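J.: Sharing a structure below in structure tokens format, with a few things to ask.
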Amino acid sequence: MLNGLQWQDRYPEFHSQSQALLSRAQECLLHLQLIDNDPDAVDCLIATLKQLGDEADIASVACVAGFSRQLLGALDSAQRGAGFQDQTLQALNDCFILLAWQLELVDPRDGALMLDDGEQLELLANLASVTRSASVVTDAGLGGAS
């Protein structure tokens, strides 16, 4: 854990890097909205969220690191399932909006984020739900074609 002075020295770099990584993740998401399940965009999205989680870990911003890892888990489920359907992309966009707020609200003096995790949990539950629903629809469609 970084002490106050270490965090104040680290904050500008963390803020700049995290904003750049979030922008890259949003660009990957836009790419997926234009080209369904594009493997390069999916790989970019996964690598970017992993890097964001790693940067947040280094900076001791546990909530951002945890949220990034939970998003990675949901993306893994989407990849193994039906892929990135419109509902999945919208749910992921909603998560990115919250992540942007979290990054803006990290206290530059000590790295604390004074938000409850209710909205984050709700968005993650919705993302998990739509990835499962898309998978069930795809599985049902495949079963009917046999």
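Residues are listed down the side, and each one gets a yes or a no for (1) touching an Asp or Glu at 6+ places or on another chain (Cβ under 6 Å); (2) farther than 18 Å from residue 32 by Cα; (3) modelled with pLDDT under 95:
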position	(1), (2), (3)
53	no, yes, no
77	no, no, yes
86	no, no, yes
95	no, no, no
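J.: Let me ask something else about it. Can you list residue pairs whose Cβ atoms sit under 8 Å apart, with the first residue in region 11-35 being more than 17 Å from residue 91 (Cα to Cα) and the second being loosely packed, with under 13 Cβ neighbours inside 10 Å? Count only pairs 6 or more apart in sequence or on different chains.
T.: Partner pairs satisfying both residue conditions: 11/108; 15/108.
J.: Tell me which residues, restricted to region 78-129, are within 25 Å of residue 17 (Cβ to Cβ) and out of contact with any helix residue (DSSP H, G or I) (no Cβ under 8 Å at 6 or more places or on another chain).
T.: If the condition is that a residue be within 25 Å of residue 17 (Cβ to Cβ) and out of contact with any helix residue (DSSP H, G or I) (no Cβ under 8 Å at 6 or more places or on another chain), then 97, 101, 104, 105, 107, 112 are the ones that fit.
J.: Does residue 60 fit the bill of being in a helix (DSSP H, G or I), among the hydroxyl-bearing types (Ser, Thr, Tyr) and in contact (Cβ under 8 Å) with a residue 12 or more places away in the chain?
T.: Spelling it out, it is not the case that residue 60 is in a helix (DSSP H, G or I), among the hydroxyl-bearing types (Ser, Thr, Tyr) and in contact (Cβ under 8 Å) with a residue 12 or more places away in the chain.
J.: So, in region 49-59, exactly how many residues are more than 14 Å from residue 16 (Cα to Cα) and crowded, with 19+ Cβ neighbours inside 10 Å?
T.: 2
J.: Considering 43, 76, which residue is under 14 Å from the mean Cα position of the chain (by Cα), in a helix (DSSP H, G or I), within 18 Å of residue 127 (Cβ to Cβ) and not β-branched (Val, Ile, Thr)?
T.: On inspection, the qualifying residue turns out to be 76.
J.: I would also like to ask the following. Only residues that are part of a helix (DSSP H, G or I), surrounded by fewer than 19 Cβ atoms within 10 Å (Cβ to Cβ) and over 9 Å from the mean Cα position of the chain (by Cα): list them for region 79-101, please.
T.: If the condition is that a residue be part of a helix (DSSP H, G or I), surrounded by fewer than 19 Cβ atoms within 10 Å (Cβ to Cβ) and over 9 Å from the mean Cα position of the chain (by Cα), then 79, 80, 86, 87, 89, 90, 94, 97, 98, 100, 101 are the ones that fit.
The values are calculated or read from the model by the stated rules, or taken from the named source; none is laboratory data. A quick note: this is a predicted structure, and the numbers were derived from the prediction, not measured. So basically every Cβ, Gly included, is an ideal-geometry build from the backbone, and we count neighbours across all protein chains shown.
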